[in-house]
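Below: the structure, in structure tokens.
Every read-out reported here was derived from the displayed coordinates using simple, explicitly stated rules and does not represent laboratory data. What you see is a predicted model, and the numbers here were worked out from it, not measured in a lab. Cβ placement follows ideal geometry from the backbone for every residue including glycine, while neighbour counts extend to all protein chains displayed.
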Amino acid sequence: MFVDPRPPSVASTDHAARGALTIADLDKSFAIGGEPRRVLDNINLSVKAGEFVSIVGASGCGKSTLLRLIVGLDADYSGEIRLDGNRIASTSLDRGIVFQDHRLFPWMTLAQNIELALLNTDTPKERRAQIVADHIALVNLKGFEQAYPHQLSGGMAQRAAIARALVTEPKLLLLDEPLGALDALTRVHVQNELQRIWMTQRSTVLMVTHDVEEALYLGDRVVIMAPDPGRIRRIVDVDLPHPRDRGAPLLHRLKDEILAELTAAPADPANLVRLPGREDRR
Amino acid sequence: MKQVLARPAARFAIGLVAPLLFLAWWQWQASSGGARALTFAPLQSIGAALVELVADGALARDMFATVSRSLAGLAIGGSLGIAMGVSMAIWRPLDRVLGPLLHAIRQVPLIGWLPLFGLWFGTGQGTELIVVCLSAFFPAMLNSYEGVAHVEQRYLDVGRLYGFTPFQRFRLLLLPAAMPLILTGLTQALAFAWIASIATEILLGAGSGLGVTMQLAQTQQRLDVILVAIIATALLGFVINTLFQRLRRHLLRWQAAPL
């Protein structure tokens, strides 16, 4: 599984110097019904170049909003988001993203969809076909170059979306619940592929997920977020080299710990629901 | 049943059952004598009229005139409609300025324009073509507008991620995403153009065409000729529509097959 040749296009870059992300004092509000509502509150996070960081948290904790800000689709925030020192204000080919839905253009074949990402790069035209073919091989989709997205299974389409995000060799790869829509078996399979690809490419990865096990299996660190407003509750180090064994005791211990933290009910008696009429039966 | 229907020849044969039953019923009515013979021309006299119209080239001339008028109208009116609808969807100020006017004009049925156009442009073939163009324009415009205006945000995001220029955005994203609705608009425009051709030919009677022949035959009380023209109209319309649907399926081959 790990003998796949590294695509030649990705070979010779100094990875140590690229892809360091710094988020400082980040706040973000949306106007909901005319009232400003804070969705991200005082986020501070540094991600080293080449690091894989997972973010977990209950729905509504602003995880996806955070990724939209980092990728540059939304520039309306206060605080700082910097990639290698440059403040992020718009989209750039420096940063790739994979969404929960694959977002391949249904009117283009798989190969055309991936080549699309190279459209506005300075990659020489004659090399593009080869680079696309290398990335299709990297995600194990050889033979499906001419397939339209509706002809691919969910897992295949998601791997194609990963290839499209990687083909520009982004310094930073953002994954927004990329495996959330897949069934359990496909999930494990694509997780293994993600680990293999990341070990080949070593770009910085920031992955949002609601699956604690997935976050621990892939992440060097796991950021635990809390909702209302979205904020960082805790950051857990996963001190285990890649490739990892799913059965590692450390992963299980951390999983129990994080789940306990995420599901801990606030010990406020006012939160206990009284069902009318119940007490009379006793 | 399913296995039988899988064969194209069988499907074709089954499609012929209803028309053949209809013809048998027709012939029975026509040959039952009395007042019915005036309403239903027997098949042999329709056949004779067909031979007559084919022999002197009238039928071919009429079919060519009607088809070319419809397709010319579709080409001119349809492409102007697509251009207008797409422009209004991309550039909203144009929609604000022209939208209300166009939506008001669209309420006038195409036949409603004939008196005005008759005064302006006369009652010749030019007026016929203008009405056909106008009737193809609106369905093409409305559907193209809807198609481009409602491209999903998640695809527009992808365009931003990869730094599309406005032209790339149009050619690689907006146009293909809107293509299903644009083609729906053209399908409707084709039907409208066909109706408008026959209708204006009947009402204005200028030049040649299936509608012109129908109108003339009515004044001459030639029931058989009217029926030949109607049958030709039905078959031609069916063939054109079938070819157009083939083209549409080819252009939209990236869509999942309908269940």
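Remarks
- Chain A shape via C-alpha gyration tensor axes, a/c threshold 1.5: prolate
- Computed FRET value (nearest 0.05) for B:L251 with A:F30, which takes r as the C-beta separation and R₀ as 41 Å: 0.55
- Highest-MSF residue in chain B out of B:V86, B:V212, B:V97 [GNM, Cα springs under 10 Å]: B:V97
- In this structure the amide hydrogen of A:G230, modeled in the peptide plane, comes within under 5 Å of the amide hydrogens of A:L40, A:D41, none closer than 5 places in sequence on its chain.
- In summary, the aspartates and glutamates within cross-link reach of A:K171, defined as a Cα separation below 12 angstrom excluding same-chain residues under 8 places away, comprise A:D14, A:E51, A:D84, A:D94.
- Degrees between helix B:8-30 axis and first principal axis of chain B (Cα, 0 to 90, nearest 10): 40 degrees
- Fully extending the segment from B:A18 to B:R96, taken as 0.36 nm per residue of separation minus the present Cα-Cα distance, adds 23.1 nm.
- Neighbour counts of C-beta atoms inside 10 Å place A:R103, B:R69 in the sequence A:R103, B:R69, starting with the fewest.
- Projected-area mean, the protein assembly as shown, by convex hull of Cα positions, square nanometres: 41.5 nm²
- Counting Cβ atoms of other protein chains within 10 Å of each residue's Cβ and taking the mean over peptide B:170-180 gives 2.
- Cα gyration tensor shape of the range B:128-259, rounded if a/c is under 1.5, else prolate or oblate by comparing a/b with b/c: prolate
- Straight Cα distances below 20 angstrom link A:K255 to the lysines A:K63, with same-chain residues fewer than 8 positions distant left out.
- Shielding value for A:104-112 is 4, the average number of Cβ atoms from other chains within 10 Å of each residue's Cβ.
- For the range B:208-218, Karplus couplings with θ = phi - 60° (6.51, -1.76, 1.60), whole Hz, Gly/Pro x: 10, x, 4, x, 4, 5, 4, 4, 5, 5, 5
- Placing a pseudo-label 7 Å from each Cα along the Cα-to-Cβ vector at B:V4 and B:A55 gives an inter-label distance of 4.1 nm.
- Rounded to the nearest whole Hz, the Karplus-based 3J(HN,Hα) values (6.51 cos²θ - 1.76 cosθ + 1.60, θ = phi - 60°) of the range B:67-81 follow the sequence 5, 5, 5, 5, 5, 4, x, 5, 5, 6, x, x, 6, 5, x, with x at glycine and proline.
- Shape of chain B, Cα gyration tensor, a/c cut at 1.5: oblate
- The label-point distance for A:L250 and B:S45, in a model that sets each label 7 Å from Cα toward Cβ, rounds to 9.9 nm.
- A:H135, B:H103 arranged by Cβ crowding within 10 Å, fewest neighbours leading: B:H103, A:H135
- Largest GNM mean-square fluctuation across A:E213, A:E261, A:E126, computed for chain A with C-alpha springs under 10 Å, falls on A:E126.
- Exposure proxy ranking for A:I32, B:I231, A:I81, based on other Cβ atoms within 10 angstrom of each Cβ and starting from the fewest, stands as A:I32, B:I231, A:I81.
- Estimated purely from DSSP H runs of n ≥ 4, each contributing -39500 (n - 2.57), the mean residue ellipticity at 222 nm for the protein assembly as shown is -17000 deg cm²/dmol once divided by its residues.
- Separation of alpha-carbon centers, the range B:101-177 and the range B:38-75, rounded to whole Å: 32 Å
- Inter-centroid distance (Cα atoms) of the range A:35-91 relative to the range B:203-228, Å: 73 Å
- Highest-MSF residue in chain B out of B:W25, B:W120, B:W91 [GNM, Cα springs under 10 Å]: B:W25
- Relative contact order (%) - the range B:60-251, alpha-carbon pairs under 8 angstrom, separation at least six: 30 percent
- Eligible aspartates and glutamates near A:K125 by straight Cα distance, threshold 14 Å, same-chain separation 8 or greater: A:E115
- Estimated vicinal HN-Hα couplings, Hz - the range A:36-43 in sequence order (Karplus 6.51, -1.76, 1.60; Gly, Pro = x): x, 10, 6, 10, 10, 10, 6, 8
- Looking at the range A:131-180, the trypsin sites (Lys or Arg not before Pro) that sit in a DSSP loop and have at most 15 other Cβ atoms within 10 Å of their own Cβ are A:K142.
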